[in-house]
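Input: a single structure, listed below in structure tokens.
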Amino acid sequence: MVDTLQDIRLFLDRKVDEYNRPAFIANDPISIPRGFTRQQDIEISGFFAAIFSWGNRTTIIKKTQQLMQLMDNAPYQFILQHKEKDLAKLLDFRHRTFNATDLLYFIAFFRNHYTFHPSLEDAFLHTPDHLSGFYHYFFSLGDFADGAVPLLSAPPRTYKHIATPEKNSSCKRLNMFLRWMVRSDDRGVDFGIWKKISPGRLICPLDVHVARVARRFGLMTRTQTDWRAALELTDYLITLDADDPVKYDFALFGLGVMEKF
């Protein structure tokens, strides 16, 4: 077992190098946005892939692919140009607890957002933690500064699909989405297409697998897998690489999911 900071850094750096490569993509939900070239298509498909990311990865990929097909594999165009009749084909869509009611609200949010903003990145710039502000923005559909769109109410059931630090959630799926959009390197996995958010400010995506590995290495002590634990883990990872702490998500996830460490 590695036990010094230098030993841990060297070991985790090797694991980052092992998993942060194109071979990682095929069996991961990031394969969905990797199928697009237009930035807005990458953002929208990536957001859905991240939000659907709980449970079996094969199912996550399959269901996100299904949704993209329902949007004619052009989600940005579909969201901006669809007519009411075009939404009918979405009404049978389901993924676990996510259903058509949720989907229609997501589409309405995207349509309103992209009417005023060229990138989804702007939706994450409301608060320093990026996520609390996004939560309130997402659920205040149409409440824009210019007041051009009337306020719409989100279905109560839809709130459970967007996490927030204010409820002490680890926000694993949103942090994973931010990692995809913000991190930039030459390895071909993460996109690095957002430039207003610093990679050094990202929070490590934390689920039960990553948490198990992190506790085994002594990277965090908190027993709950929540926001405070995500912050504790990220604070440790910053001591390994202050500029890019969440690159270690590759190592921790690979050890926890692929290697069952």
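The values are calculated or read from the model by the stated rules, or taken from the named source; none is laboratory data. Predicted model, so just to flag it, every value in this text is computed and none were measured. Using ideal geometry, Cβ is built from the backbone for each residue, glycine included, and neighbour counts are taken over all protein chains shown.
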* Tell me, please, whether a residue that is charged (D, E, K, R), farther than 30 Å from Q40 by Cα and at pLDDT 95 or above can be found in the range 186-197. => no
* Could you check, for the range 32-47, whether at least one of its residues is without any contact (Cβ under 8 Å) to a residue 60 or more places away in the chain and of a type in the set (A, V, I, L, M)? => yes
* Does R187 satisfy the condition of being basic (K, R), touching a Lys or Arg at 6+ places or on another chain (Cβ under 6 Å) and in contact (Cβ under 8 Å) with a residue 60 or more places away in the chain? -> yes
* Residue list for the range 81-121, filter: surrounded by fewer than 16 Cβ atoms within 10 Å (Cβ to Cβ) and either under 17 Å from G46 (Cα atoms) or under 17 Å from the mean Cα position of the chain (by Cα) (or both) -> P118
* Asked: Which one is nearest to D28 (Cα to Cα) among residues in the range 235-246 that are in contact with a Lys or Arg (Cβ under 7 Å, 6 or more places away or on another chain) and in a helix (DSSP H, G or I)?
  -> V246
* Looking at the range 60-80, which of the residues that are within 18 Å of T97 (Cα to Cα) and touching a residue at least 24 places away in the same chain (Cβ under 8 Å) is surrounded by the fewest Cβ atoms within 10 Å (Cβ to Cβ)? -> Q66
